[in-house]
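J.: My questions all concern the structure below.
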Amino acid sequence: MISHKSILLLACAPLFAQQYTISTIAGGGTAGVTLNNPISTAVDSAGNVYVGDWSGLIRKVWAGTTGVTAIAGTGVPGYSGDGGQATSAMLGKVSGIALDPAGNIYVTDVDNNRIRRLDATTGIIETVAGPAGVTLPSALALDSAGNVYFSTSWSHIQKLIAGSGAIETIAGRLRLVLEAMADPPWLLHSGILFLQRWGPTAIFISPTMKTPAFE
């Protein structure tokens, strides 16, 4: 049985042979770590895995090792620390993680209705959106221009415009889709935002059209 307190690594070689190996890389005592509902993960270009859970911690699982480092949060859920070191800051439940090309980490702090950013160089954490205009943020993704897309209230997709801090709603009333999402929104090569629900329905949102297309 797969625990909801572990992070699993799925590897396939080759893809079309459908041969898979699943291993636990963190949680359940693996790597000396116990996780509390790790519902958000991201992977950087070096293969390091970033994990957020409901204890208000963000951990980095180092690629190729058993090393795990807490890079943000104190383990006590709450809100504090903007403008200081992320390891001394308090976060709520981390429900989404994404990295920009520079390795900076963006997270949805659902309990505090904020999108927060962890600087990869300085380790400083800051709020980049919310609490005004942000309600129960969950999944998020970034495009190549640094715009941040996130879902809120389980019924809207919003865009935090890079450089301005302005937030706009690009899709709304997608309640049935977002309630069934198992993964964060994905940004395709053309800048199209892709959402997929359980079942055969997929939704694409063009960067030039705010009306979702269903396929």
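Quick note: the coordinates plus some simple rules give every number you see, no bench work behind them. Quick caveat, the model's predicted, so the values are computed rather than measured. As a convention, Cβ positions derive from the backbone with ideal geometry for all residues, glycine included, and neighbour counts pool all protein chains shown.
J.: So how far apart, in nm, are the two label points at Ala132 and Ser80 if each is 7 Å from Cα heading toward Cβ?
T.: For Ala132 paired with Ser80, the spin-label model returns 2.6 nm.
J.: Also, quick follow-up: Return the distance in nm (one decimal) between the two label points of a simple spin-label model at Thr121 and Ala63, each offset 7 Å from Cα along Cα→Cβ.
T.: Spacing of the two 7 Å Cα→Cβ label points: 2.2 nm.
J.: If you don't mind, there's one more thing I want to ask. When you count, for each residue, the other Cβ atoms within 10 Å and take the mean per peptide, how do 133-139, 66-72 rank with the highest first?
T.: Working: 133-139: 19.6, 66-72: 16.6.
So the peptides 133-139, 66-72, ranked by packing, come out 133-139, 66-72.
J.: Something else: Would you kindly derive the ³J(HN,Hα) couplings of the range 120-132 from the backbone phi angles with the Karplus curve 6.51 cos²θ - 1.76 cosθ + 1.60 (θ = phi - 60°), listing them in order in whole Hz, with x for Gly and Pro?
T.: 5, 8, 9, x, 7, 10, 8, 8, 9, 7, x, x, 4
J.: Given the Cα-Cα distance of Thr34 and Thr169 and 0.36 nm per residue of separation, how much length would full extension add, in nm? Provide the component values of the computation, followed by the final result.
T.: Numbers: separation 135, 0.36 × 135 = 48.60 nm, distance 3.68 nm.
Value of the extension gain: 44.9 nm.
J.: 5 Å is the cut-off here: which amide hydrogens, built 1.01 Å from N in the peptide plane, fall below it relative to Thr34, excluding neighbours closer than 5 in sequence?
T.: Gly29
J.: Now for a different question. Computed over the Cα atoms, what is the radius of gyration of the range 23-131 divided by 2.2 N^0.38 Å, N being its residue count?
T.: It is 0.97.
J.: Shifting gears a bit: Assuming R0 = 30 Å, can you tell me the calculated FRET efficiency for the pair Ala102 and Gln19, based on Cβ-Cβ distance, to the nearest 0.05?
T.: 0.25
J.: Sort 106-117, 81-92 by packing, meaning the average of other beta carbons within 10 Å per residue, with the highest value first.
T.: Working: 106-117: 24.0, 81-92: 18.4.
Averaged packing, sorted descending, gives the order 106-117, 81-92.
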